[in-house]
């Protein structure tokens, strides 16, 4: 007995066929453009924006009396960031100055050359100590080392800190931004210093930035890890290694301000570039 197809069945079959054809065509177009991209460019999505993010470290310990910045604030070189209570340092300095006065007085009273030599040596020691204490006193006012933007801060007024403690982080605006792109070792042969680069950040997919390759890492990323792999251990599994490539981003400060350290970037390097 023949199976009869209703009008609805034929309509569904026809619609399904058209949908399948559209999907196949879309996949074919996507595949063509993808293959064209791989043929035309060496590319990687294993890349990030980078810039110098440095810690602000205390050179003197003590009680924090004031914090003069907020997170994400723009600062200029020399701006005061934190103030540490300096009264203890002032007292030490005054004590040293008094000791120097005492030694100087012992010099109008020295009866022989030996006593005078001892007093002069003590005076020299105290002078050096005073200079050190004056230096420590200056460290109680912590200033911005360069123009930049403050990042995360880890202290508040009223805390007691030690010398060497990290108090905040500052992003250096004076050194600019760059991209570190981790290309596969099989791609490196087609890359050269001076090659032009197209950069597209994930945050701004419709905006393309331009760059230039300026250097290659002297070793693979794994060699700089805390525990580099030892292939002689008997557990060798061949893995394609990555070579960090540093790329300078072109553009003025206003254009590049939207790019933040750590952002993911897609990097496209046209093949076959020639350099004079």
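Brief remarks follow.
- Note on residue 66 and residue 273: the extension gain reaches 69.0 nm, defined as 0.36 nm multiplied by sequence separation minus the Cα-Cα distance.
- Each of the peptides 166-172, 211-217 was scored by the mean count of other Cβ atoms within 10 Å over its residues; in descending order, highest first, they stand as 166-172, 211-217.
- For the chain, the relative contact order is 28 percent, taking Cα pairs closer than 8 Å that sit 6 or more residues apart in sequence and dividing their mean separation by the residue count.
- Ordering of 196-205, 234-243 by packing [mean C-beta count within 10 Å, highest first]: 196-205, 234-243
- Shape category assigned to region 5-69 from the gyration tensor of Cα positions, a/c cut at 1.5: oblate
- For region 53-172, the relative contact order comes to 51 percent (Cα pairs under 8 Å, sequence separation of at least 6).
- C-alpha long axis of helix 7-40 to longest principal axis of the chain, angle in °: 50
- Ranking of 97, 42, 70, 165 by count of other Cβ atoms within 10 Å, fewest first: 70, 97, 165, 42
- A value for percent of Cα pairs over 36 Å apart was derived from the coordinates, and within the list (i) 25; (ii) 52; (iii) 16 it appears as (ii).
- Using R0 = 41 Å, the C-beta based FRET efficiency linking residue 248 and residue 141 works out to 0.70.
- Whether region 106-166 is rounded, prolate or oblate, judged on the alpha carbon gyration tensor where a/c under 1.5 counts as rounded: prolate
- Relative to the longest principal axis of the Cα atoms of the chain, the long axis of helix 87-109 makes an angle of roughly 30 degrees.
- Residue-averaged [θ]222 nm for the chain, counting only DSSP H segments that reach four residues, each worth -39500 (n - 2.57): -11000 deg cm²/dmol
- Full extension of the chain segment joining residue 32 with residue 118 gains 22.0 nm, where the gain is 0.36 nm per residue of separation less the Cα-Cα distance.
- Contact order normalised by residue count of region 96-135, Cα under 8 Å, 6+ apart, percent: 53
- If the chain linking residue 74 and residue 207 were pulled fully straight, counting 0.36 nm for each residue of separation and taking away their Cα-Cα distance, it would gain 45.3 nm.
- The spacing between region 115-137 and region 162-197, judged by their C-alpha centroids, is 46 Å.
- Seen against the Cα atoms of the chain and their longest principal axis, helix 113-138 is set at about 30 degrees.
- Each of the peptides 248-258, 263-273 was scored by the mean count of other Cβ atoms within 10 Å over its residues; in descending order, highest first, they stand as 263-273, 248-258.
- FRET efficiency for the pair residue 238 and residue 23, taken as 1/(1 + (r/R0)^6) with r the Cβ-Cβ distance and R0 = 45 Å, rounds to 0.75.
Read the figures in this text as sums done on the coordinates, not as results from a lab. Nothing here was measured: the structure is a model prediction, and the numbers come from that model. Note: ideal-geometry Cβ built from the backbone for every residue, glycine included; neighbour counts use all protein chains shown.
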